[in-house]
Amino acid sequence: MRVANIQVSETPLVLYALRRADDALILGHRLSEWCGHAPMLEEDMALSNIALDLIGQARELYSYAAKVEGKDNDEDKLAYLRDVRQYRNLLLVEQPNGDFAQTLVRQFFYSAFADLYWRAMMASRDTTLAAIAAKSEKESAYHLRHASEWIIRLGDGTDESHRRAQAAIDHLWAFTGEMFAVDDGERALIHAAIAIDPGTLRGRWLTTLSDVVSEATLELPQTDWMQQGGRSGRHSEHLGHLLSELQSMQRTFPGQTW
Amino acid sequence: MYTQALNTAETDDRGLEDAAKAAQFQARIDAEERIEPNDWTPAAYRKTLTRQISQHAHSEIVGMLPEGNWITRAPTLRRKAALLAKVQDECGHGLYLYAAAETLGTSREALVDAMLAGKAKYSSIFNYPTLTWADIGTIGWLVDGAAIMNQIPLCRCSYGPYARAMIRVCKEESFHQRQGYEIMLTLCRGSDEQKAMAQDALNRWWWPVLMMFGPPDATSQHSDTSTKWKIKRFSNDELRQKFVDATVPQAQYLGLTVPDPGMIQDADGHWRYSEIDWTEFKQVLAGNGPCNRDRLAARRKAHDEGAWVREAAAAYAAKRVQRQTAQAAE
């Protein structure tokens with residue numbers, strides 16, 4: 001049975017909330033894939049905990065997007081009934097878990113950004129977004145600390161862990177540029193002091209990265225080439241598989257209450 | 001580990017497990033006193049408890065797998081978050097229980113190795129597959145329900161660390177059980193398809209859940225000493241009957257049929273169930289359940305693939321100590 005995708009009226013504010021919600025959900029989903037399979041029980045707990053924070057953020061942002069849109073959509077319709085071309089998350093967060101180093105480097109790149117981003121967003125004129133930012137900032141600060149500690153341990157651990165951590169950095173680096181990009185719709189929100197300009201955070205983000213990476217005896221790549229596309233629905237091949245799993249129940253049994 | 005300092009004196013005393021000490025120990029048990037890690041105990045008491053607590057811990061950890069199977073497919077965001085939190089709780093129980101087991105003198109690493117080598121057991125129930133979303137509701141309702149029946153009396157177990165762990169574990173399990181029942185209630189109030197899904201799950205899980213309480217009293221090996229030491233306060237059959245009596249009305253409320261056509265309610269109100277297929281139970285314990293190999297393979301894979309991470313953490317910790325020592329010497 002075919003289940004139609006919902007249509008979303010992507011006004012700048014709806015699109016803004018959807019993008020951040022999708023980031024949080026997709027990354028949370030990826031982390032939840034570790035549950036039961038992590039290298040140690042303590043990390044099983046930690047990765048699940050971070051996943052729960054992110055899924056919580058996603059729910060608030062989806063609910064807000066639905067409310068701003070003012071139609072029949074809700075958090076579940078937005079999460080479960082949009083296809084890959086309608087998803088607006090960063091390419092970084094949909095990248096597969098890979099090994100533990102790849103998961104932690106992905107988390108490190110994202111959390112170092114999210115921590116700065118949500119802290120700055122606490123000053124948003126939009127009171128709902130400011131409230132979501134205040135909660136997310138606290139969570140992101142912890143996620144960043146956790147990831148940073150692991151980058152240092154892996155980089156300065158054994159030869160193998162160093163090699164794996166460096167390979168993960170080199171592999172994921174090209175997906176970081178997208179975090180700082182802004183389109184016209186979002187620029188209007190920035191002018192209205194509803195959103196902040198992520199481009200202004202890049203310097204501090206790089207400082208955080210450099211400090212941790214150098215303590216870890218690792219290196220950041222010199223290349224400037226960055227992949228783009230997630231924000232407008234041009235994703236990697238990985239996202240479709242993630243969504244087919246995430247959405248399988250809602251697609252198989254449409255319109256039911258769970 | 002931090003338990004290494006415990007009981008070093010006692011180890012030397014083991015040859016002197018004389019009748020006087022044993023009598024004193026039993027008198028403390030009879031007086032409902034709690035036994036703590038540094039107290040003298042018969043070696044067999046430690047052995048029994050190490051086996052029981054570590055099996056319990058292994059069950060929590062292996063038990064993450066069947067439910068974890070649905071985290072990425074949970075039907076709503078609320079269910080997804082609740083299931084992830086629940087499986088995370090199970091992991092916490094495992095950690096907590098390994099810590100309790102360590103107070104008896106065996107390290108977590110050694111206990112886990114025994115499980116991965118297939119030498120230590122975990123609950124037979126986790127060797128069954130979760131095929132539909134209704135299995136997640138059923139596990140919460142029945143598997144956690146059965147676990148609570150077993151574990152509530154363990155809150156009064158003579159061994160202090162285990163008893164205290166059980167108090168906390170039972171609180172969380174009873175939350176999980178309500179959550180599972182609520183999933184079932186939602187399904188049973190839903191479409192015909194959802195009701196059929198719920199009934200199918202009950203049909204598949206009912207008998208394996210009854211087997212969770214262990215072999216019938218007449219054939220149980222460990223009960224006698226465990227009862228004397230107040231580790232176990234009710235027999236397998238007593239707990240199983242309690243569970244059935246509590247569960248049948250819950251199934252009726254859901255509008256589901258317990259898959260036991262021979263079940264009758266006796267004059268005292270007890271629901272008398274038919275003969276359990278103990279051959280199936282023995283097969284599952286022997287490693288021939290539908291998922292035994294998959295479960296062990298998944299745990300081994302996580303352990304093996306995580307080895308380089310644990311080595312890195314240990315290497316980094318050692319480097320840090322070395323640097324701090326070098327700094328202090330300057």
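The values are calculated or read from the model by the stated rules, or taken from the named source; none is laboratory data. The model shown is predicted, which means the values in this text are computed figures rather than measured ones. When we count neighbours, we look across all protein chains shown, and the Cβ atoms used for this are built from the backbone with ideal geometry, even at glycine.
Listed conditions (1) within 14 Å of chain A (Cβ to nearest Cβ); (2) within 14 Å of the chain's Cα centre (by Cα) are all met by B:Leu187, apart from (2). Any chance the range B:65-73 includes a residue that's within 10 Å of chain A (Cβ to nearest Cβ), small (Gly, Ala, Ser) and within 24 Å of B:Lys195 (Cα to Cα)? Scanning the range B:65-73, I find at least one residue that is within 10 Å of chain A (Cβ to nearest Cβ), small (Gly, Ala, Ser) and within 24 Å of B:Lys195 (Cα to Cα), so the answer is yes.
Considering only residues of the range B:31-80 that are of a type in the set (Gly, Ala, Ser) and within 23 Å of B:Arg168 (Cβ to Cβ), which is surrounded by the fewest Cβ atoms within 10 Å (Cβ to Cβ)?
Ranking the candidates gives B:Ser59 first.
The single residue among A:Glu137, A:Glu178 that is surrounded by 15 or more Cβ atoms within 10 Å (Cβ to Cβ), closer than 14 Å to A:Tyr110 by Cα, among the acidic types (Asp, Glu) and in contact (Cβ under 8 Å) with a residue 40 or more places away in the chain turns out to be A:Glu178.
Could you say whether any residue in the range B:101-114 is outside any helix (DSSP H, G or I) and without any contact (Cβ under 8 Å) to a residue 40 or more places away in the chain? Checked against the condition, which is being outside any helix (DSSP H, G or I) and without any contact (Cβ under 8 Å) to a residue 40 or more places away in the chain, the range B:101-114 yields no hits at all.
If I go through the range A:108-127 residue by residue, how many of them are small (Gly, Ala, Ser) and in a helix (DSSP H, G or I)? Walk me through how you get there before you give the answer.
Step one: of the range A:108-127, the residues small (Gly, Ala, Ser) are A:111-112, A:114, A:120, A:123-124.
Applying the additional criterion that residues be in a helix (DSSP H, G or I) yields A:111-112, A:114, A:120.
Here the count works out to 4.
Right, B:Val62: within 14 Å of chain A (Cβ to nearest Cβ), under 22 Å from B:Gln151 (Cα atoms) and free of Cβ contacts under 8 Å to residues at least 40 places away in the same chain or not?
Spelling it out, it is not the case that B:Val62 is within 14 Å of chain A (Cβ to nearest Cβ), under 22 Å from B:Gln151 (Cα atoms) and free of Cβ contacts under 8 Å to residues at least 40 places away in the same chain.
When A:Ala130 is tested against the conditions (1) surrounded by fewer than 24 Cβ atoms within 10 Å (Cβ to Cβ); (2) part of a helix (DSSP H, G or I); (3) in contact with a His (Cβ under 7 Å, 6 or more places away or on another chain), the lone failure is (3).
Residue by residue, here is whether (1) more than 7 Å from chain A (Cβ to nearest Cβ); (2) assigned to a helix (DSSP H, G or I); (3) closer than 26 Å to B:Asp113 by Cα; (4) in contact with a Gly (Cβ under 9 Å, 6 or more places away or on another chain) holds:
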position	(1), (2), (3), (4)
B:His58	yes, yes, yes, yes
B:Lys80	no, yes, no, yes
B:Leu83	yes, yes, no, yes
B:Ala99	yes, yes, yes, no
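Name every residue in the range A:81-106 that is within 14 Å of chain B (Cβ to nearest Cβ) and more than 30 Å from A:Pro254 (Cβ to Cβ), in order of residue number.
Within the range A:81-106, A:Gly98, A:Asp99, A:Phe100, A:Ala101, A:Gln102, A:Thr103, A:Leu104, A:Val105 qualify.
For B:Thr41, the conditions (1) assigned to a loop (DSSP other than H, G, I, E, B); (2) in contact (Cβ under 8 Å) with a residue 60 or more places away in the chain are fulfilled apart from (2). Sort out which residues of the range A:152-163 are buried (at least 24 other Cβ atoms within 10 Å of the Cβ) and either more than 7 Å from chain B (Cβ to nearest Cβ) or in a helix (DSSP H, G or I) (or both), and write them in order of number. Once the filter is applied, which keeps residues that are buried (at least 24 other Cβ atoms within 10 Å of the Cβ) and either more than 7 Å from chain B (Cβ to nearest Cβ) or in a helix (DSSP H, G or I) (or both), the range A:152-163 yields A:Leu154, A:Gly155, A:Ser161. Checking each residue in the range A:203-245 for being under 30 Å from A:Arg85 (Cβ atoms), without any contact (Cβ under 8 Å) to a residue 60 or more places away in the chain and not in a loop (DSSP other than H, G, I, E, B) picks out A:His241, A:Ser244, A:Glu245. For the range B:134-154, does any single residue satisfy the condition of being in contact with a Pro (Cβ under 7 Å, 6 or more places away or on another chain) and among the polar types (S, T, N, Q)? For the range B:134-154, residues in contact with a Pro (Cβ under 7 Å, 6 or more places away or on another chain) and among the polar types (S, T, N, Q): absent.
Those helices (runs of 4 or more DSSP H) of the range A:1-107 in which at least 1 residues are surrounded by fewer than 22 Cβ atoms within 10 Å (Cβ to Cβ) and at pLDDT 95 or above, considering only elements entirely within it, cover A:12-32, A:41-69, A:75-80. Among the numbered conditions (1) surrounded by fewer than 23 Cβ atoms within 10 Å (Cβ to Cβ); (2) within 14 Å of another protein chain (Cβ to nearest Cβ); (3) not hydroxyl-bearing (Ser, Thr, Tyr), the only one that B:Arg28 does not meet is (2). Among residues that are of a type outside the set (A, V, I, L, M) and touching a Ser or Thr at 6+ places or on another chain (Cβ under 7 Å), B:Gly255 is not included. Evaluated against (1) farther than 17 Å from A:Leu144 by Cα; (2) more than 13 Å from chain B (Cβ to nearest Cβ), A:Leu78 falls short on exactly one condition, (2).
Annotation note: Cβ proximity below 7 Å between a residue of the range B:243-268 that is within 18 Å of B:Leu187 (Cβ to Cβ) and a residue that is among the aromatic types (Phe, Trp, Tyr) (sequence gap 6+ or interchain) occurs for B:Gln250/B:Tyr181; B:Val258/B:Trp206; B:Pro259/B:Trp206.
Within the range B:298-318, does at least one residue satisfy the condition of being under 30 Å from B:Leu65 (Cα atoms) and more than 9 Å from chain A (Cβ to nearest Cβ)? Within the range B:298-318, one or more residues are under 30 Å from B:Leu65 (Cα atoms) and more than 9 Å from chain A (Cβ to nearest Cβ). Of all the criteria given as (1) surrounded by fewer than 17 Cβ atoms within 10 Å (Cβ to Cβ); (2) modelled with pLDDT of 95 or more; (3) small (Gly, Ala, Ser); (4) under 28 Å from B:Leu131 (Cβ atoms), the one not satisfied by B:Ala318 is (4).
Every test in (1) buried (at least 16 other Cβ atoms within 10 Å of the Cβ); (2) in contact with a helix residue (DSSP H, G or I) (Cβ under 8 Å, 6 or more places away or on another chain); (3) part of a helix (DSSP H, G or I); (4) away from every other protein chain (no Cβ under 14 Å) is passed by A:Ile194 save one, and that test is (3).
For the range A:218-228, the set of residues classified as of a type outside the set (Phe, Trp, Tyr) and either more than 16 Å from A:Leu104 (Cα to Cα) or in contact with a strand residue (DSSP E or B) (Cβ under 7 Å, 6 or more places away or on another chain) (or both) consists of A:Pro221, A:Gln222, A:Thr223, A:Asp224, A:Met226, A:Gln227, A:Gln228, listed by residue number. Checked against (1) more than 11 Å from every other protein chain (Cβ to nearest Cβ); (2) in contact (Cβ under 8 Å) with a residue 12 or more places away in the chain; (3) more than 21 Å from A:Gln95 (Cα to Cα); (4) not hydroxyl-bearing (Ser, Thr, Tyr), A:Asp22 passes all but condition (3).
Scan the range B:121-130 and give yes if some residue there is farther than 13 Å from A:Cys35 by Cβ, surrounded by fewer than 20 Cβ atoms within 10 Å (Cβ to Cβ) and touching a His at 6+ places or on another chain (Cβ under 8 Å), otherwise no. Yes: one or more hits. Taking the criterion of being of a type in the set (A, V, I, L, M, F, W, C) and free of Cβ contacts under 8 Å to residues at least 12 places away in the same chain, the only residue of the range B:176-214 that qualifies is B:Ala196.
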